[in-house]
Amino acid sequence: MDLNFGSMVDYWPTFLRGAWVTLELSFFGVALGTILGILFALMRISRWWPVKFLASAYIEIIRGTPMLVQIFIIHYGLTGFGINLPPFISGVVALTINSSAYMAEVFRAGIEAIDRGQTEAARSLGLSRWMALRYIVLPQAFRNMLPAIGNEFIIIIKDSSLISVIGIAELMYNARTVQSITFSPMEPLLVACALYFVMTFTLSRLLAVLERRLRS
Amino acid sequence: MIRVKGLRKSYGKVEILKGIDTEIHKGEVVVVIGPSGSGKSTFLRCLNRLEQPTEGGIWLNEREITDKQSELNQIRQEMGMVFQHFNLFPHMTVLDNLTLAPRKLKKMSKEQARKNAIELLRTVGLEDKGDAYPDRLSGGQKQRVAIARALAMEPTVMLFDEPTSALDPEMVGEVLDVMKKLAQNGMTMVIVTHEMGFAREVGDRLLFMDGGCIVEEGVPLAVFQNPQHPRTQDFLAKVL
């Protein structure tokens, strides 16, 4: 079969609009997922078992069920309970709860990898538990976690393509629109792939630069 | 200054401390020696509650610090601690290591904290290392910075948990010298150590611990020359 990208040029604005929506979805997924992820990580290392249990249960359930099913539950299932979320919000919620569950584990492992002596030294000076975490443990943990965090960001960008199933005109959705207009099965998908790759590769390069800066 | 009554500590079924009673007076240098596993580090770490005592009470200047209601963070500001493995903050310069706690807890200005820190670095002989990161320092230098960091909070008592055990032999002297100077300036100190010469020279009182109890105590020289308890005799025969 021959590939003909010539006809794709006409749909360039459609692809770009889709890519922009993908970036928006991913941005909120990453930002909110990171904040919630830190919260769940702190809950998981809490001394109170109910708090710990709650966080563990959340993480296990979210990680252990398919995101596609979660998206349908959030967008369609919840309507049965009178909750009608706009598609974009549903998409952000689905991405956020997923990324927060994975991020929580990244943060927990990062925090636990810091030598106990660091916390002890901070506490022995009179710093509170929170201050020790904030000034001593998290800055060191963050450096070690950066590659794993970067990984998670990249996964979020790619997973956002699943959101197309609830009718948000992000990159994947628009690629399929172009598919149906042009009757070209392959080209729109390859263009979408290329755009996803540009996004993830740019991100991974940026993170590599940040990592190098933090090391020096 | 510090009073310890009936202090017990267990991990699960294993009892590490089996009832410790002692008192540490203002300006006194107390050295704690004993075989490994005797509970001497645990005892020290109970004093500022890095370990939670299972039973018994500890009072610092008549305030019970084992009380659940006590202001632990406030009390810890009055007790400096130096660790075997230094535990300097590797992501901060030496100066930032020293100024973090005074700035955050005493609301000291950056300039004032810095000035104090440089003064402290001078007393431990490291005034030129303020901008260095800990990984650029030798073990002995690290431990001297750690001592300065603890002193930056102006504690009334200093706890030392085997401060020279992780050092190369040629660096032990410089750390002990700093500690000696502290003792001469009247600092109240509790020191867990394996340095018998130092214990004899600087200690006002020696506690010999074994099996989670204080087996024998007294003036260091007297205990070294004439140990009373067979377990003390046995231990000293091995290490001296």
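The values are calculated or read from the model by the stated rules, or taken from the named source; none is laboratory data. Just so it is clear, the model here is predicted, and its values are computed rather than measured. We place every Cβ from the backbone using ideal geometry, glycine too, and count neighbours over all the protein chains shown. Just so you know, the surface numbers come from the protein's heavy atoms only, side chains and all, with ligands and any DNA or RNA stripped out. Shrake-Rupley method; radii C 1.70, N 1.55, O 1.52, S 1.80 Å.
Quick notes on this structure:
- Cα gyration tensor, segment B:84-225 - rounded (a/c under 1.5), prolate or oblate: prolate
- Karplus-derived HN-Hα couplings along segment B:184-191 (A = 6.51, B = -1.76, C = 1.60, θ = phi - 60°), whole Hz, x at Gly and Pro: 5, 7, x, 5, 6, 9, 10, 10
- Cα shape, segment B:1-79, gyration tensor, a/c 1.5 rule: oblate
- Spin-label model, B:Q225/A:E24: points 7 Å from Cα along the beta carbon direction are separated by 8.8 nm.
- Reference-scaled alpha-carbon Rg (2.2 N^0.38 Å with N residues) for chain B: 1.01
- In nm, spacing of pseudo-spin labels at A:E112 and B:D21 (7 Å Cα→C-beta vector): 4.3
- Segment A:160-212: C-alpha gyration tensor shape, a/c 1.5 cut-off, then a/b vs b/c: oblate
- Accessible area per residue for segment A:22-135, computed on protein heavy atoms with a 1.4 Å probe, is 50 Å².
- From phi via Karplus (6.51, -1.76, 1.60), per-residue ³J(HN,Hα) for segment B:78-84 in Hz, x at Gly/Pro: 8, 10, x, 9, 10, 9, 4
- Cα centroid separation, segment A:13-81 to segment B:37-67 (Å): 44
- Percent carbon-and-sulfur accessible area, segment A:1-136, ignoring ligands, DNA and RNA, probe 1.4 Å: 70
- Value of relative contact order over segment A:18-159, rounded to a whole percent, pairs C-alpha under 8 Å and six or more apart: 34
- Buried surface for the A/B pair, taken as the accessible area of each chain alone minus that of the pair with a 1.4 Å probe, is close to 1700 Å² in total.
- In terms of the mean number of neighbouring beta-carbon atoms within 10 Å, the peptides B:122-132, B:32-42 order highest first as B:32-42, B:122-132.
- Label-to-label distance, nm, for residues given as B:Y133 and B:E217 (7 Å Cα→Cβ offset): 4.4
- Other residues lying with their Cβ under 15 Å from the Cβ of A:V92 contribute a combined charge of -3, Lys and Arg counting +1, Asp and Glu -1.
- Virtual paramagnetic centre 7 Å along Cα→Cβ of A:I73, amide N under 17 Å, in segment A:19-54: A:54
- Chain B: antiparallel DSSP beta bridges as a percent of all, rounded to 5: 55
- Note on B:99-105: average number of Cβ atoms from other chains within 10 Å of each residue's Cβ is 4.
- Applying the Karplus relation 6.51 cos²θ - 1.76 cosθ + 1.60 with θ = phi - 60° to segment A:99-111 yields 3J(HN,Hα) values of 5, 5, 5, 6, 4, 4, 5, 4, 5, 4, 4, x, 5 Hz, where x marks Gly and Pro.
- Averaged over A:111-122, number of beta-carbon atoms from partner chains that fall within 10 Å: 4
- Within segment B:168-240: Cβ-based charge dipole about Cα centre, in debye rounded to nearest 20 (Lys, Arg +1; Asp, Glu -1): 200
- Number of partner chain Cβ atoms within 10 Å, mean per residue of B:45-51: 2
- Amide hydrogen proximity for B:I191: with H placed 1.01 Å from N in the peptide plane, the residues at 5 or more positions away or on another chain lying under 5 Å are B:V30, B:V31, B:V32, B:F160.
- Centre separation in Å (Cα based) which lies between segment B:144-199 and segment A:96-167: 36
- Estimated purely from DSSP H runs of n ≥ 4, each contributing -39500 (n - 2.57), the mean residue ellipticity at 222 nm for the protein assembly as shown is -17500 deg cm²/dmol once divided by its residues.
- Accessible surface of segment B:14-137, 1.4 Å probe, proportion on carbon and sulfur as whole %: 45
- Distant-in-sequence amide contacts of B:A166, defined by a placed amide H-H separation under 5 Å and a gap of 5 or more residues or a different chain, comprise nothing.
- Across segment B:148-240, the mean sequence separation of Cα contacts (distance under 8 Å, 6 or more residues apart), normalised by length, yields a relative contact order of 21 percent.
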